[in-house]
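Contents: one structure, followed by commentary.
What follows draws every value from the coordinates through simple rules; no lab data is involved. For clarity, every value in this text was computed on a predicted model and none was experimentally measured. Virtual Cβ from ideal backbone geometry, glycine too; neighbours counted across all protein chains shown.
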Amino acid sequence: MKQEQGGRCAICMVHEDDLEHATFRNKLVVDHNHRTGEVRGLLCSRCNIALGHLDDSPVKLRNALNYLLGE
């Protein structure tokens, strides 16, 4: 999966070598659907935490995007 994603976070596309906030052991984390347990991809910890704070809700994420866009 890491090779498929080119060592980058699936959301922000930052390469794991450029993740200043990550530890050397855990630069990318495995993200999964909390309902089904299905693995979705590798994320940096910030993107993974952001999804968690939005309860993995597409509606909340869309609302956040609309807010940022001023819509």
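For the chain, with only Lys/Arg (+1) and Asp/Glu (-1) charged at the beta-carbon, what is the dipole magnitude about the Cα centre, in debye rounded to 20? Show your work: numbers first, answer last.
Details: 9 positive and 10 negative charges, 25 e Å.
For the chain, the charge dipole is close to 120 debye.
Using only the alpha-carbon atoms, how far is helix 58-68 inclined from the longest principal axis of the chain? Give it as 0 to 90 degrees, nearest 10.
80 degrees
Per q in 0.25, 0.30 Å⁻¹, report the Debye log10 I(q)/I(0) for region 10-71, using one uniform scatterer on each alpha carbon and no solvent.
The Cα Debye sum returns log10 ratios of -1.07, -1.23.
Counting trypsin sites (Lys or Arg not before Pro) as exposed when in a DSSP loop with at most 14 other beta carbons within 10 Å, what is the longest stretch of the chain free of them?
36-71
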